[in-house]
Each structure stands twice: as C-alpha cells, then as structure tokens.
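Heads up, the thing below is written out as structure tokens.
Every read-out reported here was derived from the displayed coordinates using simple, explicitly stated rules and does not represent laboratory data. All of these numbers come straight from a predicted model, not from anything done at the bench. Glycine also receives a Cβ, built like all others from the backbone with ideal geometry; neighbour counts cover every protein chain displayed.
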Amino acid sequence: SMLTKRIIPCLDVKEGRVVKGTSFVELKDAGDPVELASLYDAEGADELVFLDISASFEGRKTMLEIVKKTAETITIPFTVGGGINSLEDIKNVLRAGADKVSLNTAAVKNPELIKEAAEKFGNQCIVVAIDAKYNAQKDMYEVYTHGGRNIADFDVIEWAKKVESLGAGEILLTSMDQDGHKEGYDLKLLDLVCSNVSIPVIASGGAGKKEDFYDAFTKTNTDACLAASIFHYQETTIKKIKEYLKNEGVMIRWE
Amino acid sequence: MIGIIDYGMGNIFSLQAALNRLNVKNELVFAVDKLDDYKALMLPGVGAFKDAMINLEKLGLDKALVEWTTKGKPLLGICLGMQLFFEISREYGNTKGLGLIPGTIEKIPARVKIPHIGWNKLNIENNHPIFKDLNQGYVYFVHSYFAKMPRDLILAQAPYGVEIPAIVAKNNIVGMQFHPEKSGQTGLKLLENWIQSVNA
C-alpha cells in the first residue's frame, strides 16, 4: 500500500476564536481559525480538525460561518466536532462545507445516531471520537463522555467494535491519561484499538516531540496523528515533523 | 462555463470553491433542459450508489448524461460520480449504473483498512493531457468500493491492497476516484488540466 500516514492539527474553537495556541503571537491574527487553517494547509497538514467548544448558541452559529470560510479557503479535508447531537446538526456542518463530523457524547448516549448518520451521509464522513482512560484496578481502558466528566459502562474495545459495526468511518482515539502531558501517544491503547477494528484510527493526546509521531506510526497500526499544542509553537512545524518522518522511512505526503 | 450536477449527493460546495479559486466560471445545474448551456459537466458525489442513481433518474439526468456523452461532450465524474459511470455496482446488492464505461464497482478486498481514507500516491499508467506539469502525485481518497475495469481505460492507479483505478478515461469521459477538490495543489492542477483539455 502507498497510503501515507496523516498529520492532523486540531484547533479548539470557542465563540469563533482559537483558544489553544496562545503563543501564536507572531501571526497576524493570533486566534483566527480560518487564518490558522490556511497556514496549516500551506505547511503540509493532511487534514484539519475543528473542535467547537462554544458554550452559546451564537458561538455555534459562528462556527458554521467559520466552516464555510474554511471550505472556501483550504485545499485539504477537514472535520468538525464538538456539540454535534443530531442528524440536523450533522447536515448543517456538512452543508457548510465540512468533509466529516466527529461524534462523541451523542454517539454514546444514542449509538443509533452513528448508524442513521452513516446511512444518510455515508460512513466516510462519520468519525466517532472516543475518550479513553486506563483503569489500573480492572486493567482496562474505560470510555468517558462529556469531555471526560462521565464514565460510560463499557470498555474501549467493546465500544470501538460497536461503532465500527454501526458504520463509523474512522475512530478518533484520545488518551485522557496522556492528553496534555507531551510524553507521547498512548501506544498500548492505540495498539489495542487498532488490532480490534479494521477502520482507520486517528491517535490523539500526548504528542510532544517528533519522535512521538514516529512511535505511533511504527509501533502501532495508527493511520493518523492528531495534535494541538505542539503545532502552536514556532519551534516545531508540521513541515519539520513530516521531514523527520520522511527521513526515517515513514510514508508521508510530501509536496 | 462548467455545470456542476447538483442531485443531492454530497459536498458540492468544496468543488465550487476549488473552481472559483482557479477562476473558472461554474454553476450548479440539475435541470435536464439546461445542460446545453454548458461546455462541460462535472458529476460529483459522496454516499450510496443506489441513492445516487435514484436521484439521477428522478431528475431525468441518467438518460441526459448518456446522451451528453454520446455527443462527445466532456464529463468529469468525481468519487461516487465516477463510480456511476460503470455498468453495475455491488454496493448493497446489484444496482445498474450509467454504463458509460465497461466494468463493475466492487468492495475493496478486506485485507486493508476500509474505508480507504487518506493520501495515496498516484501511479500514472497511460499518458494524458491532465498530467501536464504535474510535480508529484498524492491525492485524497475516501471510499470503500473500487472499479473493476479494462486496464487500457485506466490513466492512473493507486496501490491499496489492490490497484485502485484512480483516474479513468474513455473518449471525453474522465473519472477520478479521489477528491481533486480536497487534494492540495496536485488536485487543483488536475482540475485545471482537465478544464484546459476540454477547453471549458
């Protein structure tokens, strides 16, 4: 196969502004999502994810405007997640120009939504985001919802297999243990999920240096690596990470 | 002027955005009697093959597109749009396609991850004006089915377990299995070259 491994920057958007990446001071507009999306596209990002963490109705409406402008501007696919609860929400985001939506809490609460969405819009555009945390006592990874506040009553393997069977096109797998620590992706978790499903898996949580991407791609069957804060600092760019991976023999897209 | 067929199957917005970026005049079209206003047509699409055929039939576009190509007019199919060019799809039973290109649409054999999602290298099999000045060839795929078809009609393939026909052509009909409108500069170049090759 000549399918390349994907590098996916994630932008957290709140009330129309990117909220992570406070050190973007050297850019013209530090927190403009469309501008950042465009920059990442130019730097060689393979895809983008917008996570809408708006708390208000106005914020969500603004998100649709951002999606529209982004679709007009960038040349790569992008996913929108956060607060998507219904077929109507999915339709609105896709109509605005997003290529995929990511479902999380809503999918756990109502797994049938995955099926209905996959049938209506095609499984290629339904990403299910899974937040997982290791429980040492039970020696298993548990699934969490509501941004990590609530625990679901099944383990990550069970849930991953279920979302696949319901028609999810991809799994966006976040390690709650590694998230924010910059000590590398949770390879054990990635391996566990990758070996139990046959749909693509996107790793999330823990990227701190270029070697972390290499490890995820070479030690597990991970298809894509998502990262947020690592790209928001000037010393590391997508280009540098891709150049490193390319030199190490990982198949990546290089223009 | 290019007409983009709007039949309720997916993300037309991005294709329009790509054409706008190339400064190519374009409009959405779904009415059969309007087709002659256009120099060339694009048939995009994501989703299920059967739904797509039903939608085309409802609008009378199935017959109109066959007639269009019989006159030798240019047609570009993208993703599901390309798959509709073939005779039969095996997605959820057998569904008849437009039959413009010989071959069938089959599920990708399960020894690789399905859907086939991501950037795949293009291997050029037959020369064509759409490859003019193309520097490299990574393009973005999202699909679970592929065309089983005569080799001589394949312009480029993408190895993914099997050889996926990525760009196919027969006379003035060209199909792309990937999304050129989502494939960075390479995708834009391919669209631009197609537009130039058909003089639209």
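Looking at segment B:125-134, which of its residues are away from chain A (no Cβ under 12 Å), surrounded by fewer than 16 Cβ atoms within 10 Å (Cβ to Cβ) and not in a helix (DSSP H, G or I)? Of everything in segment B:125-134, those that are away from chain A (no Cβ under 12 Å), surrounded by fewer than 16 Cβ atoms within 10 Å (Cβ to Cβ) and not in a helix (DSSP H, G or I) turn out to be B:Asn126, B:Asn127, B:Lys132, B:Asp133. The selection criterion, being in a strand (DSSP E or B) and either free of Cβ contacts under 8 Å to residues at least 12 places away in the same chain or of a type outside the set (S, T, N, Q) (or both), holds for B:Gly118.
For segment A:51-79, the set of residues classified as away from chain B (no Cβ under 14 Å) and free of Cβ contacts under 8 Å to residues at least 40 places away in the same chain consists of A:Asp52, A:Phe57, A:Arg60, A:Lys61, listed by residue number. Filtered by the rule that a residue be under 16 Å from A:Leu11 (Cβ atoms) and touching a Cys at 6+ places or on another chain (Cβ under 9 Å), segment A:182-228 gives A:Ile202, A:Ser204, A:Ala207, A:Leu226, A:Ala227, A:Ala228. For segment A:81-113, filtered to residues that are polar (S, T, N, Q) and within 14 Å of another protein chain (Cβ to nearest Cβ), the residue that is nearest to A:Ile126 (Cα to Cα) is A:Ser102.
Kindly establish whether B:Met82 is within 30 Å of A:Asn221 (Cβ to Cβ), in contact with a Gly (Cβ under 9 Å, 6 or more places away or on another chain) and more than 12 Å from every other protein chain (Cβ to nearest Cβ). Yes: the conditions hold for B:Met82. Just one of (1) touching a Lys or Arg at 6+ places or on another chain (Cβ under 7 Å); (2) surrounded by 15 or more Cβ atoms within 10 Å (Cβ to Cβ); (3) farther than 24 Å from B:Ser144 by Cβ; (4) within 14 Å of chain B (Cβ to nearest Cβ) fails for A:Ile238. It is (1). In segment A:95-111, the residues that are more than 18 Å from A:Ala132 (Cα to Cα) form Cβ pairs under 8 Å with partners that are surrounded by fewer than 24 Cβ atoms within 10 Å (Cβ to Cβ) and among the hydroxyl-bearing types (Ser, Thr, Tyr), at six or more places apart or across chains, as follows: A:Gly97/B:Ser14; A:Asp99/B:Ser14. Do the conditions hold for B:Tyr38, that is, is it crowded, with 18+ Cβ neighbours inside 10 Å and closer than 14 Å to B:Ala200 by Cβ? Criteria met by B:Tyr38. Of B:Leu155, B:Leu190, all but one fail to be more than 11 Å from every other protein chain (Cβ to nearest Cβ), touching a residue at least 12 places away in the same chain (Cβ under 8 Å), over 13 Å from B:Met82 (Cα atoms) and buried (at least 24 other Cβ atoms within 10 Å of the Cβ); the exception is B:Leu190.
Criterion first (under 13 Å from the mean Cα position of the chain (by Cα), of a type in the set (Val, Ile, Thr) and surrounded by 23 or more Cβ atoms within 10 Å (Cβ to Cβ)) does B:Val139 satisfy it? Criteria not met by B:Val139.
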